[in-house]
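Comments concern the structure below.
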Amino acid sequence: MAAAREIKAREVVEPGDDDAVELAKRHLVQPWPYAGSVGAEARALIGEGEGIYITDASGKRLIDGPAGMWCINVGHRREELARVMYDQAMALSYNTPWYTMNAPSAELARRIADAAPGDLSHTFFTTGGSSAVETALRFMQFYNNVRGRPEKKLIISRGGAYHGSTYLSASLNGRPRDRHWMDGADELVIKLSSPDPFRRPKEMSIHVFTDFLVDQFRDTVARVGAGRIGAFVGEPVQASGGVVVPPDGYLKRIREICRENDILYVSDEVVTGFGRLGHVFASGDVFGLDPDMITFAKGVTSGYFPLGGVIISERLLEELRRSNHPDALFGHGLTYTSHPIGCAVALKNLDLLEEGVLQHAREIAPYFQARLKTLEELPLVGEVRGAGLMACVECVADRESKDPLQLDKDVGKRIDAHCHELGLLVRPLINMCVMSPPLIISREQIDDMVAILREGISRTMDDLRKEGVWRG
């Protein structure tokens, strides 16, 4: 037995181990794979991280442009968070949430309630963003069942939206490629237009475009019937849809229509929460909203531990407590709901955010946006847009038509490959490059990031010209 344990110990893959690539190809199924390579591919191997940087298998140091996946908000290798994980694991590594509880989850729920807008006062903790959105939707269904409104279950989402990968949450997604080969609860979901000002008709003003979006929502409620619609789910800024910042006032007008028609407004802050826009929650502090529920994940632990949740209005809970069905069971829970290690990490992460990271993010965001905006000088770039410390560079075949389809569909990946060589990791999305670095980034590091991105786009333009794909 001792010999067997020794052999196993030798098989542990160290960061940067060349064997990791072959092991991945033989045994690892990557997220979002294509059928032709599923279970047989390896992706860029990352060995270490520190601050805003990561190091790949070759030893190249890269700016972590996407902050992992919108989540490494306080940066890599924060000893404070690592120590909390260790200390909590040594004190209590796990408890069943079915009939016990732990102190970190109760304290975190209080801290979240203090930061949330309106009467959002109670949090159900999950393992990530998808399960947070799934929980919000299941709660809406339960809420309407208890109220005697079992027909009030339809969900409104929008084009360009991304809300998760579980069955119900993925059904809300509004990016066509996400659903081409996947099933979903289509009978429950109504999708409206994306609130993307860049894609509005050329002759349409922002004011008219906003009215169009609001009228579309109002007309849909009237046509389908408010008595059948349970919830609207929307990101304050559509993140994976290309950092789509909605027109001013649009979200507040949608919220009012929801209030008037007894439709729950679910604000999906999986990306925008915990500092990405300079506040713990953007719904109230940035957009002036008081949703019925807010979902969150990612930045709540800065990616150091899988944790998410949904914050629920006191009004909704009070209605349930006063109902004629006190024995109705919300039959929903997860093995790792209110995980003590995740909640302890989140508490320390909140300390770091509130002790200076949030203020730094608010102060440096205008510089971040302004420097990236200079990339619009490049003829391949149709628009640079963003809010806080999240931005998108959208490439187009020409600015007149704004057509991305005439370009190589992997133009974002081309840019990312050049940037990787130059020292920057980019989040490529077909014809777009998304940037959402750790919130601790400095002005000098922003300058480095933008300079690399400019060179990466320039090299991509040269490639496309040489191949005859683009003549810009």
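For the reader, a short list of remarks on this structure follows.
- Residues of the stretch 59-80 that are touching a helix residue (DSSP H, G or I) at 6+ places or on another chain (Cβ under 6 Å) and surrounded by fewer than 22 Cβ atoms within 10 Å (Cβ to Cβ): E80 alone.
- Lone unmet requirement of (1) at pLDDT below 95; (2) on the phi > 0 side of the Ramachandran plot for G241: (2)
- So V243, is it out of contact with any Ser or Thr (no Cβ under 7 Å at 6 or more places or on another chain), touching a residue at least 12 places away in the same chain (Cβ under 8 Å) and among the aliphatic types (A, V, I, L, M): yes
- The residues of the stretch 454-472 that are part of a helix (DSSP H, G or I), touching a residue at least 40 places away in the same chain (Cβ under 8 Å) and either among the small types (G, A, S) or more than 21 Å from V243 (Cα to Cα) (or both), listed by number, are G456, S458, R459, T460, M461, D463, L464.
- R147 basic (K, R), in contact (Cβ under 8 Å) with a residue 40 or more places away in the chain and touching a Ser or Thr at 6+ places or on another chain (Cβ under 9 Å): yes
- Among the conditions (1) assigned by TED's automatic domain parsing to the domain that holds V280; (2) in contact (Cβ under 8 Å) with a residue 40 or more places away in the chain; (3) touching a Gly at 6+ places or on another chain (Cβ under 9 Å), L380 misses just one, which is (1).
- Sub-6 Å Cβ pairs linking a first residue in the stretch 171-189 that is modelled with pLDDT under 95 to a second residue that is part of a loop (DSSP other than H, G, I, E, B), at least 6 apart or interchain, are G174/G159; G174/G160; G174/A161, ordered by first then second residue.
- Criterion violated by R371 - all others in (1) under 25 Å from P247 (Cβ atoms); (2) touching a Ser or Thr at 6+ places or on another chain (Cβ under 8 Å); (3) charged (D, E, K, R) satisfied: (2)
- Residues that are part of a loop (DSSP other than H, G, I, E, B) and in contact with a Phe, Trp or Tyr (Cβ under 8 Å, 6 or more places away or on another chain), drawn from the stretch 141-182: N173, G174, R175
- Exclusive hit being at pLDDT 95 or above and in a loop (DSSP other than H, G, I, E, B), set L320, L316, L329: L329
- Test result for P201, under 19 Å from the mean Cα position of the chain (by Cα), in the same structural domain as R228 (by TED's automatic domain parsing), of a type outside the set (D, E, K, R) and modelled with pLDDT under 95: no
- Looking only at residues of the stretch 196-231 that are touching a strand residue (DSSP E or B) at 6+ places or on another chain (Cβ under 7 Å) and part of a helix (DSSP H, G or I), we find that the one that is farthest from E151 (Cα to Cα) is F198.
- In the stretch 117-130, residue surrounded by the fewest Cβ atoms within 10 Å (Cβ to Cβ) [restricted to those that are within 18 Å of the chain's Cα centre (by Cα) and not aromatic (F, W, Y)]: T127
- Looking only at the stretch 385-395, and only at residues there that are of a type in the set (A, V, I, L, M) and surrounded by 22 or more Cβ atoms within 10 Å (Cβ to Cβ), the one that is nearest to Y367 (Cα to Cα): L389
- Qualifying position, being outside the structural domain of L372 (by TED's automatic domain parsing), in contact with a Pro (Cβ under 7 Å, 6 or more places away or on another chain) and not aromatic (F, W, Y), among E260, E235, E269, E256: E269
- In the stretch 41-128, counting only strands (runs of 3 or more DSSP E) that sit wholly within it, the ones holding 1 or more residues that are over 25 Å from G284 (Cβ atoms) span 46-50, 53-56, 61-64.
- Residue within the stretch 164-177 that is more than 21 Å from the chain's Cα centre (by Cα) and in the same structural domain as Y250 (by TED's automatic domain parsing) present: no
- Residue list for the stretch 397-453, filter: under 26 Å from P366 (Cα atoms), free of Cβ contacts under 8 Å to residues at least 40 places away in the same chain, part of a helix (DSSP H, G or I) and not aliphatic (A, V, I, L, M): G412, E444
- Within the option set A365, A391, A417, A361, being in contact with a helix residue (DSSP H, G or I) (Cβ under 6 Å, 6 or more places away or on another chain) and of a type in the set (A, V, I, L, M, F, W, C) holds for one residue only, A391.
- Hits in the stretch 359-383 (condition: among the aliphatic types (A, V, I, L, M), in a helix (DSSP H, G or I) and surrounded by 15 or more Cβ atoms within 10 Å (Cβ to Cβ)): A361, I364, A365, L372, L375
The values are calculated or read from the model by the stated rules, or taken from the named source; none is laboratory data. The model shown is predicted, which means the values in this text are computed figures rather than measured ones. Ideal geometry is used to build each Cβ from the backbone, glycine not excepted, and the neighbour counts take in all protein chains shown.
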